[in-house]
Amino acid sequence: MDDLLLTLVKAANQNDFSLDITLNVNGALVTGTTVSAQKYLESISRTLEDGNETSQEISQKLSKASQSAKESAQGETRFVHLKDAQVYNGDSQPTPSEEKFYWRGKAEEVDGFFLGKIDARVE
């Protein structure tokens, strides 16, 4: 794994540090802003909290996991979390093309990165 990338991810997890970044993952470009594991899990939890009973149970588990992530931020870094993420896979239009979403990927699967986000919108 790239030590510099891990340093940036650890800064997000431990210090609420955010940075626009674009990752190369198996030929696709994933662009977004770094967030902590805690914020990622909290966001997914909020998305599910108003659903059916199963959705609410998952939301509660994710909420608990977010607290565990906060407490274990000093530990091993295995995942990169991005907000406002978009994925570019071989063409100029990102997925999703309209909405932005949270993205989670294995840090060890990142082939390379650069600072800054890609924006395919033509002004």
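Only helical runs count toward this figure. For the chain, summing -39,500 (n - 2.57) over DSSP H runs of n ≥ 4 and dividing by all residues gives -11500 deg cm²/dmol at 222 nm. Only lysine pairs 8 or more places apart, or on different chains, with alpha-carbon atoms under 17 angstrom apart are counted in the chain, and they number 15.
Computed from backbone phi with θ = phi - 60° and the Karplus coefficients 6.51, -1.76 and 1.60, the 3J(HN,Hα) list for the range 81-96 is 10, 10, 10, 6, 7, 9, 10, 10, 10, x, 9, 7, 9, x, 10, x Hz; x is used for glycine and proline. Residue order for Val87, Val35, fewest other beta carbons within 10 angstrom first, comes to Val87, Val35. The candidate values were (i) 27; (ii) 35; (iii) 42; the one computed from these coordinates for percent of Cα pairs over 25 Å apart carries the label (i).
Computed from the coordinates by the stated procedures, all read-outs in this text should not be read as laboratory data. Here the structure is a predicted model, which means the values were calculated and not measured. Every residue, glycine as well, gets a Cβ built from its backbone with ideal geometry; the counts of neighbours run over all protein chains shown.
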